[in-house]
Amino acid sequence: MGRAFEFRKERKFKRWGHMARVFTKIGKEITIAVKQGGPDVTGNPRLRALLQTARSENMPKENIERAIKRASDKDQSDYKEIVLEGYGPHGIAVLVEAATDNNNRTVANVRSYFTKSGGSLGTSGSVEYMFDHKCVFRMKSDKPVDVEELELELIDYGAEEVFEEENENEEKEIVIYGEYTAFNNIQKYIEDNGYELIAGEFTRIPNTELKDLPAEDRVELDKLIERLEEDDDVQNVYHTLKPLGE
């Protein structure tokens, strides 16, 4: 298994601490997807995948409808996707993805979290090159699947890793990692071949040597990540700390 699988084991599709935060995160992504590709799911594959993700997280229908409506509401501020980069304690690279309607507020908050933790917010491009931008899907099949054969077939669509794992309910799911630009092609393959799409999103996988830290030094980085993830504007946080047990 590759590095994507290593981080998959630790992140498990990035579970947030509270259900409300999950809904807020997905809601912002839905609003942005509608802004970019329109509300018609037929012509907006990103929106289709997000709606499946929302359903898999048991997001209420009214929350989904509110997120779609927000995209066409002129009285509402637009969300912008931004990437912030820096170094946390002990030289660990940290990349932050945010969706915000107030860029100055978000940058100021994120900078303060780095500073309080003994790190520093960097300039654009300072750590982003250490992460590969990927798409990732979860899907199910109602019949047995030869994962190796599936992977060989999906390579032509931009897939890089395909493997099977059990979800929290001990049900088997197929996980697909691919190039960032392969999102639409892989999603189309899933839909055209009768698989059940559970979720689709983008992620970042470190491509550099990961840094290991003793337990007492990890505490400082954990505090930084916790502060970042508790911020309402922050969508995802990635870093180059070696996962425990690896």
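Any read-out appearing in this document is the output of simple, stated calculations on the displayed coordinates, not a laboratory observation. The structure displayed is predicted, hence computed values, not measured ones. With ideal geometry, Cβ positions are generated from the backbone for all residues, glycine too; neighbour counts draw on all protein chains shown.
What the table shows:
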item	result
Cα-based equivalent ellipsoid, the range 67-139: semi-axes from gyration tensor eigenvalues, Å	27, 19, 9
Whole-Å semi-axes of the chain's equivalent ellipsoid (Cα gyration tensor)	29, 25, 16
Cα-centre dipole for the chain with unit charges at Cβ (Lys and Arg positive, Asp and Glu negative), debye to 20	1080
Nonlocal Lys pairs with alpha-carbon distance under 28 Å, the range 59-193 (8 or more apart, or different chains)	19
Reachable aspartates and glutamates, given that their alpha-carbon falls under 14 Å from the alpha-carbon of residue 211 and they are not under 8 places away in the same chain	246
Expected 222 nm ellipticity per residue - DSSP helices of 4 or more, -39500 (n - 2.57), all of the chain, to 500	-13000 deg cm²/dmol
Most fluctuating residue given options 40, 101, 142, as computed from a GNM of the chain linking Cα atoms under 10 Å	142
Leading residue at positive end of dipole, the range 119-246 (Cβ point charges), from 219, 162, 175	219
Long-range HN-HN contacts of residue 239 with modeled amide H, under 5 Å	95
Percent RCO, i.e. relative contact order, over the range 29-73, from Cα pairs under 8 Å lying at least 6 residues apart	49
Calculated over the range 121-246: convex hull of Cα atoms, volume per residue (Å³)	161
About the Cα centre, charge dipole magnitude for the range 16-89 (Lys/Arg +1, Asp/Glu -1 at Cβ), debye	120
Calculated over the range 50-186: convex hull of Cα atoms, volume per residue (Å³)	180
Burial order of peptide ranges 174-186, 50-62, 88-100 (average beta-carbon count within 10 Å, highest first)	88-100, 174-186, 50-62
Calculated P(r) of the range 135-191 - Cα pairs past 16 Å, %	37
Cα centre as origin, Lys/Arg/Asp/Glu Cβ charges: the range 64-136 dipole, Debye	220
Sequence-separation-based contact order of the chain, relative, with Cα cut under 8 Å and 6+ spacing, percent	22
